[in-house]
Amino acid sequence: QELFLTERTYVKGLKMLIAEYMGPLQASANGDGKLGVSMAQFRDIFSVVENLLMVHQMQMLEKLEQKLGGSGGAADLSVITIGDIFSDATLQTLKMHTSYANNYQKALDTLEACSKSKAFRKFCQDKMMEVAERGQNLQPLESYLITPIQRIMRYGMLLKELCKHTPANHPDKELLDV
């Protein structure tokens, strides 16, 4: 269940990043640029974020929901397998995360350069206050940018823990033993 819940939280965070930061900054970069970000800077900061969301939502979260009964815990865990989800999605997910990780320092450097713009800083501060007024919590942009790096490392830990607690005769044991 932890795997399901953390994947759902991760996908929710990517959606917040896209809706609250990426969308408005892209519109500005495509238009008047009043938020202090050029299109090149926008691409450097967000690189493959939308692709990561698509892969995690469709290849991971939706498949986990199908197998686990939607809530992450309603299915009969004695016969269900989830290791195959990781086998199917591993190559595509690793490629996306590798691309993201290879660009991560450039994203941070670009974010730092953009942060010198008063308009950009104001946008980020105003956006956090606007979301708070709606009763939601919006993290600083750099916090969202680190989550794909953290997520890929967490899979290894979660799968090892799951494998450790999976009986030797369970159909998922071999699939989880990565």
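The values are calculated or read from the model by the stated rules, or taken from the named source; none is laboratory data. Note that the structure is a prediction, hence the values are computed from the model and not measured. Note that we place each Cβ from the backbone using ideal geometry, even for glycine, and neighbour counts take in every protein chain shown.
Residues in segment 128-178 that are hydrophobic (A, V, I, L, M, F, W, C) and in contact with a Cys (Cβ under 7 Å, 6 or more places away or on another chain): Leu141, Leu176. Identify the single condition in (1) modelled with pLDDT of 95 or more; (2) surrounded by 13 or more Cβ atoms within 10 Å (Cβ to Cβ); (3) among the aliphatic types (A, V, I, L, M); (4) out of contact with any Gly (no Cβ under 9 Å at 6 or more places or on another chain) that Ile82 does not satisfy, given that it satisfies every other one. Just one mismatch for Ile82, condition (1). From the list Thr93, Thr98, the lone residue that is assigned to a helix (DSSP H, G or I), under 17 Å from the mean Cα position of the chain (by Cα) and closer than 30 Å to Pro167 by Cβ is Thr93.
Residues are listed down the side, and each one gets a yes or a no for (1) surrounded by 13 or more Cβ atoms within 10 Å (Cβ to Cβ); (2) touching a residue at least 40 places away in the same chain (Cβ under 8 Å); (3) part of a loop (DSSP other than H, G, I, E, B); (4) in contact with a helix residue (DSSP H, G or I) (Cβ under 8 Å, 6 or more places away or on another chain):
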{"position": "Phe123", "(1), (2), (3), (4)": "yes, yes, no, yes"}
{"position": "Glu142", "(1), (2), (3), (4)": "yes, no, no, yes"}
{"position": "Gly156", "(1), (2), (3), (4)": "no, no, no, no"}
{"position": "Leu159", "(1), (2), (3), (4)": "yes, yes, no, yes"}
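Counting only helices (runs of 4 or more DSSP H) that fall entirely inside segment 1-67 and contain at least 1 residues that are buried (at least 20 other Cβ atoms within 10 Å of the Cβ) and within 10 Å of the chain's Cα centre (by Cα), the qualifying elements are 2-16, 49-54.
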